[in-house]
1. Please tell me if B:K68 is of a type in the set (K, R), touching a strand residue (DSSP E or B) at 6+ places or on another chain (Cβ under 8 Å) and surrounded by fewer than 16 Cβ atoms within 10 Å (Cβ to Cβ).
2. On the given criteria, is A:S75 within 13 Å of A:P25 (Cβ to Cβ) and either under 15 Å from the mean Cα position of the chain (by Cα) or in contact (Cβ under 8 Å) with a residue 12 or more places away in the chain (or both)?
3. Yes or no: A:A88 under 14 Å from B:I43 (Cα atoms) and buried (at least 16 other Cβ atoms within 10 Å of the Cβ)?
4. Examine the stretch B:50-59 for a residue that is touching a residue at least 40 places away in the same chain (Cβ under 8 Å) and in contact with a Phe, Trp or Tyr (Cβ under 9 Å, 6 or more places away or on another chain), and state whether such a residue exists.
5. Could you list all residues from the stretch A:74-105 that are farther than 14 Å from A:E44 by Cα, in a strand (DSSP E or B) and away from chain B (no Cβ under 11 Å)?
6. Could you check how many residues of the stretch A:28-69 are in contact with a Phe, Trp or Tyr (Cβ under 8 Å, 6 or more places away or on another chain) and either part of a loop (DSSP other than H, G, I, E, B) or more than 13 Å from chain B (Cβ to nearest Cβ) (or both)?
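Bear in mind these aren't lab numbers, they're just calculated from the coordinates by the rules spelled out. Keep in mind it's a predicted model, so treat the numbers as computed, not measured. Cβ placement follows ideal geometry from the backbone for every residue including glycine, while neighbour counts extend to all protein chains displayed.
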Amino acid sequence: DAGVIQSPRHEVTEMGQEVTLRCKPISGHDYLFWYRQTMMRGLELLIYFNNNVPIDDSGMPEDRFSAKMPNASFSTLKIQPSEPRDSAVYFCASSLGGGSEQFFGPGTRLTVL
Amino acid sequence: KNEVEQSPQNLTAQEGEFITINCSYSVGISALHWLQQHPGGGIVSLFMLSSGKKKHGRLIATINIQEKHSSLHITASHPRDSAVYICAVPMNYGGSQGNLIFGKGTKLSVKP
């Protein structure tokens, strides 16, 4: 398996633009997690899905953030409109079982100017 | 809600030294994760443990559930071990074990 795949790897956009980050989990994994990493706050859980259903989105910072998982092999994290403080590295991870080892994607480095 | 403390924040060692990184948490858990983040940014899961000790190559992780404390040890450290090591535990006791909260990380630099 190729592991967790994220795209794009880098995204530079201007404030106010819509940003869509994509993730393909490892085939067969039933949990998918979206994380954000910043220098100030470290790694933070934004939202996670079990069998394509959002379970906990309490980490989503604002209504500007939304996440979907239309099927078992694809998830998106959307920011609309983007702001400079959204600049961070966004990681997607998947696991087989909620309390199991998580496999991380390479991350998307987002810069909002 | 669980809180995670790691120490030290930064650690510089000479090649060959024995390394210890510590992690303490505040609420009972069923399992603790140790992650490694490479200088390039990629994150790899090293261990998930709920009791006792686990060993993988030169890396050893221990956990004391009663004391709410875990340690990550690296024997015969090598410059390629240079990375940030992150401890993570479930956010809430009895809640979903996948809902993790992370320590701030320990940045390890091993000099040749």
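1. Values: of a type in the set (K, R): yes; touching a strand residue (DSSP E or B) at 6+ places or on another chain (Cβ under 8 Å): yes; surrounded by fewer than 16 Cβ atoms within 10 Å (Cβ to Cβ): no.
Taking the combined requirement at face value, the residue does not satisfy it.
2. Working: within 13 Å of A:P25 (Cβ to Cβ): yes; either under 15 Å from the mean Cα position of the chain (by Cα) or in contact (Cβ under 8 Å) with a residue 12 or more places away in the chain (or both): yes.
Yes, satisfied.
3. Working: under 14 Å from B:I43 (Cα atoms): no; buried (at least 16 other Cβ atoms within 10 Å of the Cβ): yes.
It is false that A:A88 is under 14 Å from B:I43 (Cα atoms) and buried (at least 16 other Cβ atoms within 10 Å of the Cβ).
4. Here is the first cut: in the stretch B:50-59, the ones touching a residue at least 40 places away in the same chain (Cβ under 8 Å) are none.
Looking for residues that are touching a residue at least 40 places away in the same chain (Cβ under 8 Å) and in contact with a Phe, Trp or Tyr (Cβ under 9 Å, 6 or more places away or on another chain), one finds none in the stretch B:50-59, hence no.
5. A:F74, A:S75, A:T76, A:L77, A:K78, A:I79
6. Just the residues of the stretch A:28-69 that are in contact with a Phe, Trp or Tyr (Cβ under 8 Å, 6 or more places away or on another chain), to begin with: A:29, A:31-37, A:42-50, A:54-56, A:67, A:69.
Checking which are either part of a loop (DSSP other than H, G, I, E, B) or more than 13 Å from chain B (Cβ to nearest Cβ) (or both) leaves us with A:29, A:67, A:69.
Number of matching residues: 3.
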